[in-house]
1. Assuming R0 = 35 Å, can you tell me the calculated FRET efficiency for the pair E42 and S240, based on Cβ-Cβ distance, to the nearest 0.05?
2. Inverting the mean 1/r over all pairs of different Cα atoms, compute the Kirkwood radius of region 115-180 and quote it in Å.
3. In whole Å, what are the extents of region 76-224 along the principal axes defined by its C-alpha atoms, from largest to smallest?
4. Separation of region 57-80 and region 216-242 by C-alpha centroid, Å?
5. For T109 and T5, what does the FRET efficiency come to when R0 = 35 Å and r is the distance between their Cβ atoms, rounded to the nearest 0.05?
6. Taking a spot 7 Å from the Cα of S16 along the direction of its beta carbon, which residues of region 194-232 have an amide N less than 19 Å from it?
7. Mind pulling up the Rg/Rh value for region 149-266? Radius of gyration and Kirkwood radius, both on Cα.
8. If you rank C188, C74 by fewest surrounding Cβ atoms within 10 Å, what's the result?
Amino acid sequence: MGFLTGKRAIIAGIASNKSIAYGIAQAMHREGAELAFTYQNERLKGRVEKFANEFGSDIVLECDVGSDESIDACFAELGKKWDGLDILIHSIGFAPKEELEGSIVDNTTREGSKIAHDISAYSFLAMAKAARPLMKGRENPSMLTLSYLGAVSAIPNYNVMGMAKASLESAVRFMASDLGPEGIRVNCISAGPIRTLAAMGIKGFRKMLEQFSGAAPLRRNVTIEEVGNAAAFLSSDLASGITAEIMYVDGGYSTVGMTGINPPAE
Ligand code: NAD
């Protein structure tokens, strides 16, 4: 029996088997959770259905987090299938590619900044609002999102996503404070860089991987399996005393000074 047996989790953010959300689904399935999945749009539907099948789930719902109607419809549909929800996983981020390179001052547009904050930060709150009624009366319900070191340090090219992640991490603290009296925990994993579809949109990402693995105490990059295991723990009763936490799963990189990060050479 796994440590998530009896738990029901909805996972948003699987786009491929390299996605961090895929690593989370793997770990949660292994630990006995019952899973539901969301997909962003029709283009990803078939792919997510295939992954859901792999994890023994037939609950696959459309949820474009840029639309309140889409979020509401998704959770209304989930409520017809499940009478309660224990775990919300928000593994979603987006900024227009042009914003993720060079000078933040010159390259960040008002529109790009709105999109990055809306999809990467506000959407966690919007999903939480829709998930909250389904979590009422459940034991140790949990909400979890994914951040990156760029929230607290100026990482070359991460630019407006760093601003959005700072907003997301702040939302985690406010949400934990708001939902704590209902017993709902809200946490975040700040993962080290991992080669995924979203990450490849950041200019110089390959160099970032090399620099992280060279300087991190563990001298390597982390995997989606390792982030998945930490996510499963934080979402479980084993972590019942933990909320408002930003947990680093990055081989220790965030603790090391003088890491020699410079703008990657072309
Ligand atoms: P990914 O490309 O596999 O996943 C990103 C997901 O966001 C996709 O499933 C995509 O469909 C979804 N998405 C984007 N816009 C959406 C919208 N409007 N509605 C619904 N879904 C939408 O990449 P990933 O690296 O697994 O990213 C997952 C999370 O992890 C993101 O928040 C990312 O910032 C964070 N993160 C990634 C890394 C890394 O290096 N890969 C490091 C730290 C944190």
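1. 0.35
2. 12.7 Å
3. For region 76-224, the Cα extents along the three principal axes come out at 47, 39, 28 Å.
4. 27 Å
5. 0.15
6. Residues passing the 19 Å test: 194-210, 221-228.
7. Using Cα coordinates only, the ratio equals 1.00.
8. C74, C188
Here, each number is a calculation from the coordinates, and none is a lab measurement. Remember, predicted model here, so these are calculated numbers, not experimental data. Cβ sites come from the backbone with ideal geometry, for glycine too, and all protein chains shown count toward neighbours.
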